[in-house]
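Worksheet: the structure to be examined is printed underneath.
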Amino acid sequence: MSEPLSVAVPRKGRPLEAVLERLATAGETDHLEAFADRVSNVLRYEKAITKGSVSADEGPYRRLAEYSGVDEPSDPEFTLLRDDREGKPRRIVFDSATVAVGDVTIQLVGREEPFRALRTHEFALGFDSADLVLEEVVGIRPSGLGGLAAVNERIDPMDTDVRVVSGLGDTVYHTLMGRPEALPPDAELDRAYLSEYEGPLCISSRYERLITAVLGTDALDGIEFVYPGSDVTEEAAIADTGLGVYLTVTGSTARDHGLVVGEHLFPSETVVMRNTAEQHPDIERVLARLDGVRADSAITV
């Protein structure tokens with residue numbers, strides 16, 4: 001019998017929940033659904049504690065001992081990390097578990113940056129945000145990038161062996177938005193408008209390379225990136241600037257700031273990735289299970 005296939009997964013947040021939901025759907029067992037619910041509920045509760053919206057009766061080490069199972073390999077284990085927010089609070093996050101997805105056994109291993117763990121050949125398979133791929137390895141070209149299907153074409157094979165396989169559908173969009181009075185009459189807030197626009201464009205500083213890849217250098221000719229201050233929300237900063245790009249699902253918060261929501265430029269989606277230089281006898285079977293749930297999400301690797 002081969003060793004379980006080790007799979008790098010996020011330690012917390014929306015991407016990990018998307019992974020757990022996909023595995024539960026692909027595995028089609030009550031046990032895997034219960035496992036996914038258990039991990040998600042623990043991490044939501046711990047997030048609420050970290051944010052101060054609820055108070056815990058016990059300290060983090062006691063909670064950690066209660067959460068982490070030792071009876072079965074499929075019992076999830078958790079660990080403590082220092083959060084990067086003010087005060088560096090301790091936060092309980094996912095560590096590992098061994099689960100069966102159909103007839104394949106995989107070991108889920110929590111990583112702060114699963115994509116980078118695949119880049120360094122620690123894993124053959126993993127899940128992470130598509131954003132990180134664009135921020136690190138997607139080439140910058142004159143033309144923009146509109147979706148996941150074109151990502152692999154822009155990865156230099158000399159730079160990394162990691163390729164995107166498919167998306168999980170937990171989509172939040174990098175969306176163009178602007179203040180109505182700052183736009184010309186009847187203007188469509190889309191890529192075509194940006195290609196003619198000259199002036200400031202408000203974005204989060206961490207997304208400068210991503211937005212450059214998504215829009216392309218031609219569209220950015222005459223555009224100056226500006227960034228929100230540390231004490232200002234992105235939507236408020238975009239309203240002050242007049243035009244910007246930020247993450248949104250429904251756009252309701254943007255509209256609360258008087259902004260018009262324009263074109264969805266790129267999906268900020270959790271993706272399945274593989275390191276094509278690494279081999280394991282169960283990789284193809286796992287991918288077949290995962291992509292069989294949403295066959296239209298497959299990307300040519």
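General observations
- Positions within the range 218-231 being under 12 Å from residue 202 (Cα atoms) and among the aliphatic types (A, V, I, L, M), in sequence order: 223, 226
- Residue check for residue 179: assigned by TED's automatic domain parsing to the domain that holds residue 208, over 27 Å from residue 67 (Cα atoms) and basic (Lys, Arg): yes
- Number of positions in the range 180-189 that are outside any helix (DSSP H, G or I) and of a type in the set (D, E, K, R): 2
- Taken over the range 99-144, the residue count meeting the criterion of being part of a loop (DSSP other than H, G, I, E, B) and under 25 Å from residue 211 (Cβ atoms) is 9.
- Those helices (runs of 4 or more DSSP H) lying entirely in the range 190-257 with at least 1 residues hydrophobic (A, V, I, L, M, F, W, C) and touching a residue at least 40 places away in the same chain (Cβ under 8 Å): 208-215, 234-241, 252-256
- Residue in the range 239-248 that is at negative phi and surrounded by fewer than 18 Cβ atoms within 10 Å (Cβ to Cβ) present: yes
- Every condition in (1) of a type in the set (Gly, Ala, Ser); (2) assigned to a loop (DSSP other than H, G, I, E, B); (3) in contact with a strand residue (DSSP E or B) (Cβ under 8 Å, 6 or more places away or on another chain); (4) modelled with pLDDT of 85 or more holds for residue 96 except the one numbered (2).
- Pairs, first farther than 15 Å from residue 79 by Cβ and at pLDDT below 90 in the range 53-69, second surrounded by 11 or more Cβ atoms within 10 Å (Cβ to Cβ) and not polar (S, T, N, Q), C-beta under 6 Å, six or more apart: 54/48; 56/49
The values are calculated or read from the model by the stated rules, or taken from the named source; none is laboratory data. Here the structure is a predicted model, which means the values were calculated and not measured. Here the Cβ is made from the backbone with ideal geometry for all residues, glycine too, and neighbour counts use every protein chain on show.
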